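Asks: Dropping a structure here in structure tokens format, bear with me for questions.
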Amino acid sequence: MSKSYKNAWYKNLFRWFMKTTGWLPSLILFKPKYYYENKKIQKRYIKGPAIVISNHKTTLDPFLLMFVFVTRYLRCLVGEIIYVRVRSAKTILNLFGSIKVERYNANPDFIGECNEVLQHGDVIQIFPEGRLPLRGSEMMLPFKSSAALIAIQSRVPIIPVYHTGNYGIFKRETIAIGVPIHIYESTKVSNPSLAELQRLTKILEQKILELKAMVEHGKK
């Protein structure tokens, strides 16, 4: 068993403690309203290994998704800059089981760690934009290709999620959950070229935009 799975019991304990104690506050902070592309196919319960992708609004987004899919342990990809800028981040993120992404590393070890996590039947959480949007901007940033690459290598579904980021005591957060995307079925190769990865990533980006439109049109 690899280093990433050693002492997993205390991380599980921490995770369930946070979910148990944070469930009621999350209802107050987020007041979630859910929309589903097809509720019979994909609701809030995730079966087996999967990758959850979502648009990125604020630093609270990982906590939102933790309570959206409250029955599963979501291992979130986090950029190395957070580990550097926030002194206490390393300990907290390790307890949450986050996966560190060194964006400028020519040999991204996080891809292998993600594949291993998925092989163990767990769930990966990715924000494909890779960073928060510019202040005041409502435009999504172009998606990075990590989610598509990991899904192809691990042959697991991608569950798309769109949310409004409308957090606050007197606000209400709206969340749309799409049906799983088996992106590995859209390509014939297991080691796709950059152009092929970009094509597949555009499929994921378009799906998030479709979920956004569904929310804006009030479709349940």
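Asks: Over the chain, what is the relative contact order in percent, taking alpha-carbon pairs closer than 8 angstrom and at least six residues apart?
Replies: 28 percent
Asks: Give me the percent of DSSP beta bridges within the chain that run antiparallel, rounded to the nearest 5.
Replies: 20 percent
Asks: While we're here: Return the whole-Å distance between the Cα centroid of the range 155-201 and the Cα centroid of the range 8-76.
Replies: The two parts, judged by their Cα centres, are 15 Å apart.
Asks: Quick check on the range 55-186: of the DSSP beta bridges with both residues there, what percent are antiparallel, nearest 5%?
Replies: Roughly 40 percent of the DSSP beta bridges within the range 55-186 come out antiparallel.
Asks: Using +1 at the Cβ of each Lys and Arg and -1 at the Cβ of each Asp and Glu in the chain, identify which of Phe63, Leu118, Thr201 lies farthest towards the dipole's positive end.
Replies: Of Phe63, Leu118, Thr201, it is Phe63.
Asks: Taking the chain as a Gaussian network, Cα atoms linked when under 10 Å apart, which of Gly130, Gly112, Gly178 shows the biggest mean-square fluctuation?
Replies: Gly112
Asks: Continuing with this model, one more query. Between Lys207, Lys171, Lys40, which gets the highest mean-square fluctuation from a Gaussian network model of the chain, Cα cutoff 10 Å?
Replies: Lys40
Asks: Students sometimes get this wrong: rank Ile81, Ile175 by accessible area, probe 1.4 Å, all chains present, largest first.
Replies: Result of the area sort, largest leading: Ile81, Ile175.
Asks: Here is a follow-up. List, in order, the whole-Hz ³J(HN,Hα) value for each residue of the range 193-201 obtained from phi through the Karplus relation with A = 6.51, B = -1.76, C = 1.60 and θ = phi - 60°; use x for Gly and Pro.
Replies: 6, 4, 5, 5, 4, 5, 5, 5, 5
Asks: On to the next question. Enter the accessible area per residue of the range 54-174 (Å², integer; probe 1.4 Å; all protein chains in place).
Replies: 50 Å²
Asks: Which value, in debye to the nearest 20, describes the size of the charge dipole of the range 167-220 about its Cα centre when Lys and Arg Cβ atoms bear +1, Asp and Glu Cβ atoms bear -1, and nothing else is charged?
Replies: 180 debye
Asks: Could you work out what % of the accessible surface of the chain is carbon and sulfur, using a 1.4 angstrom probe and leaving DNA, RNA and ligands out of the count?
Replies: Carbon and sulfur: 58 percent of the exposed surface of the chain.
Asks: Further, regarding this structure: Can you work out the FRET efficiency for the pair Leu24 and Ser186, with r the C-beta to C-beta distance and R0 = 41 Å, to the nearest 0.05?
Replies: E between Leu24 and Ser186, to the nearest 0.05, is 0.50.
Asks: If each residue of separation counts as 0.36 nm, what is the full-extension length gain between Ile203 and Thr58 once their alpha-carbon separation is subtracted?
Replies: Extending this stretch completely gives an extra 49.8 nm.
Asks: Using Cα extents along the principal axes in Å as the read-out, say which of (1) 46, 39, 36; (2) 52, 38, 36; (3) 52, 41, 29 was calculated from these coordinates.
Replies: (1)
Asks: Once label points are set 7 Å from the Cα along Cα→Cβ at both Glu102 and Asn166, what is their separation, rounded to one decimal in nm?
Replies: About 4.2 nm, to one decimal.
Asks: Also: With Cβ to Cβ distances under 10 Å as the rule, what net charge do the other residues near Phe96 carry (K, R +1; D, E -1)?
Replies: Neighbour charge sum, excluding Phe96 itself: +3.
The values are calculated or read from the model by the stated rules, or taken from the named source; none is laboratory data. Keep in mind it's a predicted model, so treat the numbers as computed, not measured. Neighbour counts run over all protein chains shown; Cβ positions are idealised from the backbone, glycine included. With ligands, DNA and RNA removed, areas are computed over all heavy atoms of the protein, side chains included. Shrake-Rupley method; radii C 1.70, N 1.55, O 1.52, S 1.80 Å.
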